[in-house]
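Novice: Supplied in structure tokens, the structure appears directly below.
Please treat every number below as a calculation from the coordinates, not as lab data. Everything numeric here is computed off the predicted structure, so don't read it as measured data. Glycine gets a Cβ as well: all are built from the backbone with ideal geometry, and neighbour counts include every protein chain shown.
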Amino acid sequence: MVEFSPDTKVVILTGAGISAESGIKTFRASDGLWENHAIEDVATPYAWERDPELVWNFYQGRRSQLKEVEPNPAHQALVILEQYLGDNLLLVTQNVDDLHSRAGSKNLIHMHGELRILRCEECHETFDMMEKEHLTDQYVPCPSCSNQRLRPHIVWFHEMPFQLPEIYAAVEECDVFMTIGTSGHVYPAAGLIDVAKQSGALCVGVNLDEPMNYELHDEFHQGKAGELLPNLVNEWLS
Ligand code: OAD
């Protein structure tokens, strides 16, 4: 049973399931297709090299969708937890949407990148670009150099997730490790629970179905995050 004091060190790993109730499709919901595309056709550096227009238009669709979705009670519950734990809570998300930060989460790492941001492969600068003129099917040129085509700031398959040293350091130190809305298919994120377990953390899961690494959880709550988390956070803090 989880018990929290303001000194409890917590790392939470979220995945697509936490945004499902906001209307964003999960990755593995429909036979390996993501919004009608095979992941390898749109989410690898090779796809970007081979067919940049397809990849660009796919991500422009995902970026535009951010304007139509709102954080749900699960995102909001994690903000309440952060208000109690302060810097002792690190939220690590695999999600590329902006719903955690729009809900108000502050101590947040987007390990797989962010849809809001475009990156220059020449000068390596990143830009938060969500105005109307940035969301069309035209490529967006780099404001800092002569490159005419920024890329999505997304960690594609075969690329290295962001801020891994910070994530591992926090997981090795935490008292409680939680997974929420993630299927446990994609590494290294799916392996963080092994690190947490080896370091003696209590591992808690909240998911609609049993994830691949289900047996590593000490406590598991099956159901929709938006329905379960507000009550769980309430219980944990009372
Ligand atoms: P998945 O689509 O693999 O898994 C989503 C999980 O959320 C599943 O286990 C569902 O059962 C669960 N789920 C669905 N609705 C839910 C709800 N309302 N409440 C709670 N759980 C719910 O997504 P991820 O595990 O996030 O990587 O996928 C990991 C990575 O694979 C993604 O970050 C992405 C993808 O390829 C990259 O793009 C690099």
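Novice: Could you order the peptides 106-116, 56-66, 36-46 from most to least packed, using the average number of other C-beta atoms within 10 Å per residue? Display every interim value, and only then the final one.
Specialist: Working: 106-116: 19.4, 56-66: 17.7, 36-46: 15.5.
My ranking of the peptides, most packed first, is 106-116, 56-66, 36-46.
Novice: Strictly under 4.7 angstrom between C-beta atoms: which cysteines of the chain have no such partner?
Specialist: Singleton cysteines: Cys174, Cys203.
Novice: Still on this structure, I have one more. Taking the highest mean first, how do the peptides 67-77, 140-150 order by number of other beta carbon atoms within 10 angstrom per residue?
Specialist: 67-77, 140-150
Novice: At what distance in angstrom do the alpha carbon centres of region 17-79 and region 135-154 lie from each other?
Specialist: 19 Å
Novice: State the antiparallel share, in %, of DSSP beta bridges confined to the chain, rounding to the nearest 5.
Specialist: Bridges in the chain are about 30 percent antiparallel.
Novice: How many percent of the alpha carbon pairs in region 45-100 exceed a separation of 15 Å?
Specialist: On the way: 981 of 1540 pairs.
Beyond 15 Å sits 64 percent of the P(r) for region 45-100.
Novice: Still on this structure, I have one more. Out of Gly223, Ala77, Ser146, whose Cα points farthest toward the positive end of the dipole of the chain (charges: +1 Lys, Arg; -1 Asp, Glu; placed on Cβ)?
Specialist: Ser146
Novice: Provide the gained length on full extension for the span Ile39 to Met1, in nm with one decimal, where the gain is 0.36 nm per separating residue minus the Cα-Cα distance.
Specialist: Full extension of this stretch gives 9.9 nm more.
Novice: R0 = 25 Å: FRET efficiency of Gln148 with Lys67, Cβ-based, nearest 0.05? All intermediate terms of the calculation are to be shown ahead of the outcome.
Specialist: Numbers: r = 25 Å, r/R0 = 1.00.
Here the calculated transfer efficiency is 0.50.
Novice: Still on this structure, please answer the following. To the nearest 10 degrees, how steep is helix 164-173 against the longest Cα principal axis of the chain, on a 0 to 90 scale?
Specialist: Rounded to the nearest ten degrees, it is 0.
Novice: Give me the percent of DSSP beta bridges within region 106-238 that run antiparallel, rounded to the nearest 5.
Specialist: Of all bridge pairs located within region 106-238, approximately 45 percent are antiparallel.
Novice: Placing +1 at every Lys and Arg Cβ and -1 at every Asp and Glu Cβ, with all other atoms neutral, what dipole size does region 1-156 have around its Cα centre, in debye to the nearest 20? Each step should come with its number before you reach the end.
Specialist: On the way: 14 positive and 24 negative charges, 21 e Å.
Charge dipole of region 1-156: 100 debye, to the nearest 20.
Novice: Given charges of +1 on the Cβ of Lys and Arg and -1 on the Cβ of Asp and Glu, with all other atoms neutral, how large is the dipole of region 94-209 about its Cα centre, in debye to the nearest 20?
Specialist: Values: 8 positive and 17 negative charges, 25 e Å.
The calculated dipole for region 94-209 is roughly 120 debye.
Novice: Let me ask something else. For Ser238 and Tyr214, what is the calculated FRET efficiency with R₀ set at 25 Å and r taken between the beta-carbons, to the nearest 0.05?
Specialist: Once the sixth-power term is evaluated, E becomes 0.35.
Novice: Rounded, prolate or oblate: pick one for the chain, where a ≥ b ≥ c are the square roots of the eigenvalues of its C-alpha gyration tensor, a/c under 1.5 means rounded, and failing that, prolate if a/b is larger than b/c, else oblate.
Specialist: It comes out prolate by the Cα gyration axes.
Novice: Counting each DSSP H run of 4 or more residues in the chain as -39500 (n - 2.57), what helix-only mean residue ellipticity at 222 nm follows after dividing by all residues, to the nearest 500 deg cm²/dmol?
Specialist: -9000 deg cm²/dmol, from helical runs alone.
Novice: Taking the Cα-to-Cβ direction at Asp137 and at Glu121 and moving 7 Å from each Cα, how far apart do the two end points lie in nm?
Specialist: 2.1 nm
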